[in-house]
Amino acid sequence: MHVVIIGAGWAGVAAAIHAVEHGARVTVIEERPYIGGRARSFPDRETNTVIDNGQHIMMGCYREVLHVLRTLGTDHQLDRQAALRVGFVDAGGKRDVLDASALPGKLGVALGILRLQQLPLKARLAAMRFALRLTLHRIDSSGMTCKELFARYRQPAELVSRLWEPIVLATMNASINDASADVFCTVMRLAFLGSTEDSQILVPRRGLSDLLEPFTDWLRAHGGSVHTSVAVERLTVAQDRVTSVVLSTGEEITDVDAVVSCVPQRALTRICAASQYPLVDLHEPAVSPIVSVYLWYSAQWMTTDLVAALGTATQWIFNKHQTTPGLVALTISAASDIAGQERDMIVAGCDAEVRQLFPKELNGVKLLHSQVIKEKAATPVFTPAANAERIASDALGIENLRIAGDWVQTGLPATLEGAAFSGVLAASDLLPA
């Protein structure tokens, strides 16, 4: 069976691996000159340090992503925590750690929440009640935003700002005012209320492109091929089946048994229009930017893997010492206000915030270099309405075509796992049982 996959982001790579593992021959078409889509790495021009176009973390519950990496032999490039451990620091000098290592699974996470020092006991108990109800599926989140969910289940404001909101921003790239409560509850159950392994944080030691670098050779060794810098111009559709795929080079792939589209909505809309195929409403949601800031300091000052920053524009700080001593990566999600600022203003603001959060550690330490990366359309914003409108993989009604991507209905947020999971679902639907 010959499967043509359009797009070589994480959805396309996962779909290709799944199809090969189930006996298919796979051809991947990617219009960019590289694979990985929006999750890639490149060398900084001044320092030649390899950095990502946005800092990504993974978790033990990322089953499809981890399957991809194990298959390609790059999973050893991830640093895996023994158990969930996240530091919190705010501009007022308060510090805290959520450490789930004392007990296994969700019990460890629960004890870690109970031991948070900067939350009143009432707030910690409210978090415990909320987590218990989530575990027992006694939370009704239908049609709500996260803000409405927290209000309904009486989560104190301090708990929301110091715990729930950082999780929403990190996993959904949206504010609690907009983010779908349904998606948040799914994230909580899968990532934080599962096994010890599920809640472990995994941080890549190498660039994201390195993680997928073996894919082209792996696919070739399994009888397939990857074509980069080539776009799909149109599909030939007859009797509700794709019979050929026409490329931007003029080449036509005629031996097509199935097609998986792993491109964004706009690209798929273009392909369908060129194919003169009746369009369905793809329900393209609004998008949210992420600003990533890399700061090279003159000394290694950070001692933990990552911390959540509270009360600042900067939300997460990652220790990149394995790449270069003194290098940190800052992430600002839902960054509509920040993305429009000039680069120097962003750097100055972030450096000032980091020094405010870590005054002792950065005393006498100089900022040597910086890099700002703005992904203005980093992820879709899954509001309750947008999440309800996410389309199924068979929405185009073509018998041998399925749609994948982090925007397709998977129940997951627009993360690497959401993309990879969608690719596996789409490919599974096309392959013989």
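What follows is calculated from the coordinates using simple rules that are stated; it is not laboratory data. Predicted model only: the values in this text are computed from it and were never measured. Note that each Cβ is placed from the backbone with ideal geometry, even for glycine, and that neighbours are counted across all protein chains shown.
Classify the chain: rounded, prolate or oblate, from the alpha-carbon gyration tensor (a ≥ b ≥ c, eigenvalue square roots; a/c under 1.5 rounded; otherwise prolate if a/b is larger than b/c)?
Working: a/c = 1.91, a/b = 1.48, b/c = 1.29.
Prolate is the answer for the chain, as a/c is 1.5 or above and a/b outweighs b/c.
Taking R0 as 22 Å, what's the FRET efficiency between HIS22 and ARG270 from their Cβ-Cβ distance, rounded to 0.05?
It comes out at approximately 0.15.
Can you tell me how the stretch 216-298 classifies by the Cα gyration tensor, rounded, prolate or oblate, using a/c under 1.5 as the rounded cut?
oblate
Quick one: angle between helix 265-274 and the longest Cα principal axis of the chain, in degrees between 0 and 90, rounded to 10, please.
That works out to roughly 10 degrees.
Can you compute the FRET efficiency between ILE391 and LEU368 using 1/(1 + (r/R0)^6), with r the Cβ-Cβ distance and R0 = 41 Å? Round to the nearest 0.05.
0.30
So what's the angle, to the nearest 10 degrees on a 0 to 90 scale, between helix 63-72 and the longest Cα principal axis of the chain?
70
Within 10 Å of each residue's Cβ, count the other Cβ atoms and sort LEU114, LEU149 from fewest upward.
LEU114, LEU149
Kirkwood hydrodynamic radius for the stretch 40-118: how many Å is it when counted over pairs of different Cα atoms?
Taking every pair of different Cα atoms in the stretch 40-118, averaging 1/r and inverting gives 15.5 Å.
In terms of the Cα gyration tensor, with a ≥ b ≥ c the square roots of its eigenvalues, is the stretch 134-188 rounded because a/c is under 1.5, prolate because a/b exceeds b/c, or oblate? Each step should come with its number before you reach the end.
Numbers: a/c = 1.43, a/b = 1.17, b/c = 1.22.
It comes out rounded by the Cα gyration axes.
Per the helix-only calculation at 222 nm, which mean residue ellipticity applies to the chain, given -39500 (n - 2.57) for every DSSP H run of n ≥ 4 and division by its residues, nearest 500 deg cm²/dmol? Write out the running numbers ahead of the final one.
Values: 15 runs with 134 residues, N = 433.
Counting only the DSSP helices, I get -8500 deg cm²/dmol.
Taking the chain as a Gaussian network, Cα atoms linked when under 10 Å apart, which of ALA91, ALA308, ALA335 shows the biggest mean-square fluctuation?
The residue that fluctuates most here is ALA91.
Want the number for ALA91 to GLU342: 0.36 nm per residue separation, take away the alpha-carbon distance, what's left?
On the way: separation 251, 0.36 × 251 = 90.36 nm, distance 2.35 nm.
Taking ALA91 through GLU342 to full extension adds about 88.0 nm, to one decimal.
What are the residues whose amide H is under 5 Å from the amide H of GLU233, where those residues sit 5 or more places off or on another chain and H is modelled from the backbone?
Counting only residues 5 or more places away or on other chains, the set is VAL246, LEU247, SER248.
Rounded to the nearest 0.05, what FRET efficiency is calculated for ASP255 and ARG129 with R0 set to 41 Å and r the Cβ-Cβ distance?
0.10
Can you give me the C-alpha center-to-center distance between the stretch 120-189 and the stretch 1-61, rounded to a whole angstrom?
For the stretch 120-189 versus the stretch 1-61, the Cα centre distance is 32 Å.
Enter the angle in degrees (range 0 to 90, nearest 10) between the Cα long axis of helix 343-357 and the first principal axis of the Cα atoms of the chain, meaning the one along which they spread out most.
The angle comes out near 40 degrees.
Divide the volume of the convex hull of the Cα atoms of the stretch 158-264 by its number of residues and quote the answer in cubic angstrom per residue.
Per-residue hull volume (Cα only) is 216 Å³.
Based on other C-beta atoms within 10 Å, arrange MET188, MET1 from fewest to most. Don't skip to the end; give the middle numbers.
Values: MET188 20, MET1 13.
Lowest count first: MET1, MET188.
Provide the gained length on full extension for the span GLU46 to ALA157, in nm with one decimal, where the gain is 0.36 nm per separating residue minus the Cα-Cα distance.
Full extension of this stretch gives 35.6 nm more.
Can you spot the lysines whose alpha carbon is less than 28 Å from LYS147's alpha carbon? Ignore those fewer than 8 places along the same chain.
In chain and number order, the partners are LYS94, LYS106, LYS122, LYS374, LYS376.
Using 0.36 nm times the number of residues separating ASP281 and LEU111, minus their current alpha carbon distance, what extension gain do you get? Kindly include the intermediate steps, with their values, before the conclusion.
Numbers: separation 170, 0.36 × 170 = 61.20 nm, distance 4.60 nm.
The span from ASP281 to LEU111 would gain 56.6 nm if fully extended.
Kindly put ILE201, ILE35 in sequence by how many other C-beta atoms sit within 10 Å of each C-beta, fewest to most.
Going from least to most buried by this count: ILE201, ILE35.
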